[in-house]
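Undergrad: The structure's right below; bear with me while I get my questions together.
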Amino acid sequence: MIERQADEPQISKLGCKCGHVITDQTDSLPYKASLLRDEVENEFWDEVHCELKPLVEAAESGDKAAIAEAFGKFAPWISATDELQGPISSIYNHRMSTAYECQNCGRLWVQKDASDKFVSYVPEEEAYGAILAVASGESENRD
Ligand SMILES: [Zn+2]
């Protein structure tokens, strides 16, 4: 078990047992994934629905007063969907664990729930398999 080293808030590094340093300082990493444990899946969706419910109900009512009331704290209220991103990201970050795949040896590093500790698993093939990447190893744009 190795503790994640957070040198700076946005730059995380995890030293693999093979010597490779897994860095996490940008988006869309092909060797990183989020893990939602089945035991908290219902809680996750309940929390997301809880955030979305006032907006959906206000929108369904078609009543601008209700919409204004539901999202009165947002100015202008039209950016309510943008404002939702914060709470939903927060729920996501709280419920998801992170997994990294070492691009050198293929070890899978899984974050222990609610901690900064990671546990490693060695692949049968003992090689990097790009198991967390989209389209089996090819990191590409979908458009
Ligand atoms: Zn490694």
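Undergrad: Using Cα positions and a limit of under 21 Å, work out the lysines in reach of K17, with same-chain residues fewer than 8 apart set aside.
TA: Straight-distance partners of K17: K32, K112, K117.
Undergrad: Test of understanding: what is the full-extension gain from I131 to S34, defined as 0.36 nm times their sequence separation minus their Cα-Cα distance?
TA: 33.7 nm
Undergrad: Taking the simple approach of a point 7 Å from Cα along Cα-to-Cβ for both Q103 and E41, what is their distance in nm?
TA: Calculated label separation equals 3.1 nm.
Undergrad: Follow-up question, since we're still on this one. Determine, from the Cβ-Cβ distance of H94 and Y121 and an R0 of 22 Å, the FRET efficiency 1/(1 + (r/R0)^6), rounded to the nearest 0.05.
TA: It comes to 0.35.
Undergrad: Now a separate question. Assuming 0.36 nm per residue, please report the length gained on full extension of the stretch K13 to E83 beyond their Cα-Cα distance.
TA: Extra length available between K13 and E83 comes to 22.2 nm.
Values quoted throughout were computed directly from the atomic coordinates according to the rules given, and no laboratory measurement underlies them. Because the structure is a prediction, the values reported are computed rather than measured. Methodologically, a virtual Cβ is constructed for each residue, glycine included, from the backbone with ideal geometry; neighbour enumeration extends over all protein chains shown.
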